[in-house]
There are 2 protein chains.
Amino acid sequence: MATISIPNPAPSAIEDAEKLRKAFQGWGTDEMTMIDVLAHRNAAQRKQIKIVYEEQYEEKLLKRIESEISGHFERAVYLWIFDPVERQAIMANIAIESKVFDFPVIIEIACVNSPNELLAVKQVYQSLYKRSLEEDVASHTTGDFCKLLFALVGTYRYDGEEINTELANTEAKILNDAITKGQFNDNEIIRILSTRSKAQLNTTFNCYKDAQNRSITKALSTETPNDFAIVLRAAIRCMNNPKKYFDKVFRRTLQKSGTDEDTLTRLVLTHAEKDLKEIKELFQTRTNMTLEQAVAKKTSGDYKNFLLALIGN
Amino acid sequence: MATISIPNPAPSAIEDAEKLRKAFQGWGTDEMTMIDVLAHRNAAQRKQIKIVYEEQYEEKLLKRIESEISGHFERAVYLWIFDPVERQAIMANIAIESKVFDFPVIIEIACVNSPNELLAVKQVYQSLYKRSLEEDVASHTTGDFCKLLFALVGTYRYDGEEINTELANTEAKILNDAITKGQFNDNEIIRILSTRSKAQLNTTFNCYKDAQNRSITKALSTETPNDFAIVLRAAIRCMNNPKKYFDKVFRRTLQKSGTDEDTLTRLVLTHAEKDLKEIKELFQTRTNMTLEQAVAKKTSGDYKNFLLALIGN
């Protein structure tokens, strides 16, 4: 479930656009009003506000936001305006073009979305960048990472319930053979993880656990893992139990020294409208701290206020 | 342009279903009536006939056809009933599951269709077989063939006009370096061919020709080609000039000794409703023989009559 709260009844898009305009005008910017309006509207409402704002005031809302605020607050608000599909396409492009290819972003987009959601992201990506997500991933990565990411991003998986238990047993064995030999980059591992349906993979992972008395992710983290094994593990966790995966990423991000604002922004924005409530609960159980408390400790100012509003403080 | 001729006005689906029913009844089957009805209706009309037939006579039309006729004639009529997208999904499955993996079928489906047409075939494939085309291709092939076919089938290419000439020049050079070294299975060749848009690839192939004074397909056929180079070449020709490619396949199929009915059926069925008119013209220019004459020499009986009706005799 989402964590953003939307007033009922919500103000009209005309009222909201007017409030934003007033917040931008005069001396300085009224950030609290911006947060008040934008953090408490869903994707459809934000889209409507943007349309109305641009009609009424003949200026681009995003351009205006960029000129009014700055830093992590600006980047977060900017990305938040978009709907989840557009935002993922933009985040994918940033991840691909950043100095260090940002694997988790691509893995999450490829593995958490349903096949049709991923397809929608790819379609928006093409309309924004005039290239396919596949070609950009393939031309910005090399070796085994390229093989894996390209296959994960490319495949239009079967999304039905139908599974083949015999096949799951066979492929669990193939996975185990390769993993115990430390051959994480084995073509068969990549083939199985990138092409089978999530329902089929789930069955395979269960067969794996039944036969080996440990989960495949456990096996991947104990068999002298390398960078590639870590990426494989992330892909499996994103497909198998995304909420648990994101709880972990939240904990890792919030517990390390310093603040990784890009990751924190991505996590909050991606889930606030979707499943952040459940992730928050997992987080609290594991850390004896609410997500709000943890985020508040790591952030400050308008950026902090904005994230906390999205987390549902 | 299509070669099938449809009467104007066409009989209603009820009349057609009735004619088929009469053709099936009594002693033997009236094949000429079957051909007369089915070879002269487009995909939408055939679908309608099937629906009406099954409502009126409470039996599956395809089952009845299977029980009435046999051999290559039966297989051709059976496949013809489906619309082009369904038929390609079925042909892909037959190609994958046949004793010897039938590369050209998969290459043609992956490379001739537009990205959205390919997506439609993949969607129907999933609804028919409860698996993705990608997983079936990947699990029935190995090595370089697997890499190439999986990438061609998987990628949802950019379909717009936007091209990058500088990139085309760079990638033409990459392709040439690998080809002149005989490294046809180079990862870069596979990446470029499988991920770039057709418009981009066209530009790259032109750069290749300008720089090397020979086309990439020419280079692939002269640099000590192996089986993999032949498949690469087919993929390039399917993307670059599918009509010329199919003219060539028609010629090869009709000029060799014996008859390869499966290929012949596929070629005629796939193009009769689409672009067989232009392929016929190319064929006649290259062979001094009409396609009808060449097909008539290689086939006989009802199968021959059916193909000739589709070719527009």
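The values are calculated or read from the model by the stated rules, or taken from the named source; none is laboratory data. All figures in this text were calculated on a predicted structure; none of them were measured in a lab. Here the Cβ is made from the backbone with ideal geometry for all residues, glycine too, and neighbour counts use every protein chain on show. Side chains included, ligands, DNA and RNA excluded: accessible areas come from the protein's heavy atoms. Shrake-Rupley method; radii C 1.70, N 1.55, O 1.52, S 1.80 Å.
Sparsely packed loop sites in region A:138-195 (the trypsin sites (Lys or Arg not before Pro) outside DSSP H, G, I, E and B with at most 11 other Cβ atoms within 10 Å) comprise A:K181.
Where in region B:240-264 does the amide nitrogen come within less than 11 Å of the point 7 Å from the Cα of B:K297, taken along Cα to Cβ? It comes to B:254-257, nothing else.
Region A:216-274: which trypsin sites (Lys or Arg not before Pro) are DSSP loop and have at most 14 other beta-carbon atoms within 10 angstrom?
Answer in residue order: A:K256.
From the largest down, chain A spans 67, 46, 37 angstrom on the principal axes of its Cα atoms. In order along region B:283-290, the Karplus-derived 3J(HN,Hα) couplings, from 6.51 cos²θ - 1.76 cosθ + 1.60 at θ = phi - 60°, round to 4, 5, 4, 7, 10, 6, 8, 6 Hz, and Gly and Pro are given as x.
Once C-alpha pairs closer than 8 Å and six or more residues apart are averaged by separation and normalised to the residue number of chain A, the relative contact order reads 22 percent.
What shape does region B:13-69 have by the C-alpha gyration tensor, where a ≥ b ≥ c are the square roots of the eigenvalues, rounded means a/c under 1.5, and otherwise prolate means a/b greater than b/c and oblate the rest? Oblate, because a/c is 1.5 or more while a/b does not exceed b/c. Shape annotation for the protein assembly as shown: C-alpha extents along the principal axes are 86, 57, 55 Å, from largest to smallest. Averaged over the residues of A:147-155, the number of partner chain Cβ atoms lying within 10 Å of the residue Cβ comes to 5. Amide H contacts for B:R196 (H built 1.01 Å from N in the peptide plane; partners 5 or more residues away or on another chain; cut-off under 5 Å): none found. Applying a 4.7 Å Cβ-Cβ cutoff to chain B leaves B:C146, B:C207 as cysteine residues with no disulfide-compatible partner. Considering only chain B, the C-beta nearest to the rotation axis that sends B to A is found at B:G154, 2, the distance in whole Å.
Partner shielding of B:133-145 amounts to 4, given as the average count of beta-carbon atoms from other chains within 10 Å of each residue beta-carbon.
Using the Karplus relation 6.51 cos²θ - 1.76 cosθ + 1.60 with θ = phi - 60°, the per-residue 3J(HN,Hα) values for region A:141-156 come to 10, 9, x, 5, 4, 4, 4, 5, 5, 4, 5, 5, 6, x, 5, 9 Hz, with x marking Gly and Pro. For a paramagnetic label modelled at 7 Å from the Cα of B:N42 toward its Cβ, which residues of region B:74-90 fall within the zone defined by backbone nitrogen distances under 15 Å? Only B:83-85 fall inside the zone, counting backbone N under 15 Å.
Take A:D210, push a point 7 Å out from Cα through the beta-carbon direction, and compare it with the same point in every other copy: 6.1 nm, smallest first.
Structure remark: mean-square fluctuation, Gaussian network model of chain A, C-alpha springs under 10 Å; the largest value among A:N176, A:N93, A:N226 belongs to A:N226. Ranked from shortest, the separations from the 7 Å Cα-to-Cβ label point of B:E54 to its equivalents in the other copies are 4.6 nm. Neighbouring Cβ atoms from other chains, within 10 Å of the Cβ of residues in A:156-162, number 6 on average. Could you tell me whether region B:167-216 comes out rounded, prolate or oblate from its Cα gyration tensor? Rule is a ≥ b ≥ c as square roots of the eigenvalues, rounded for a/c under 1.5, then prolate if a/b exceeds b/c, otherwise oblate. Cα axes put region B:167-216 in the oblate bin. Computed from the C-beta positions of A:S70 and A:N8 and an R0 of 25 Å, the FRET efficiency is 0.15 to the nearest 0.05. In nanometers and ordered shortest first, the copy-to-copy spacing of the A:G143 label point, defined 7 Å from Cα toward Cβ, is 2.5. Shown here for region A:157-220: GluC sites (Glu not before Pro) in loop regions (DSSP other than H, G, I, E, B) with at most 15 other Cβ atoms within 10 Å, namely A:E161, A:E162. Couplings for region B:118-127, taken from phi via the Karplus curve 6.51 cos²θ - 1.76 cosθ + 1.60 with θ = phi - 60°, read 4, 4, 4, 4, 5, 5, 5, 4, 5, 6 Hz in order; Gly and Pro are left as x.
For A:K304, the lysines whose Cα falls under 17 Å of its own Cα, not counting residues fewer than eight places away in the same chain, are A:K280. Under the classification rounded if a/c is under 1.5, otherwise prolate if a/b is larger than b/c and oblate if not, where does region B:245-311 fall, given a ≥ b ≥ c as square roots of the Cα gyration tensor eigenvalues? It is rounded, given that a/c, with a ≥ b ≥ c, falls under 1.5.
Note that region B:84-154 carries a Kirkwood radius of 11.7 Å, evaluated over its alpha carbons pair by pair.
With the whole protein complex present, B:D260 retains an accessible surface near 40 Å², based on a 1.4 Å probe.
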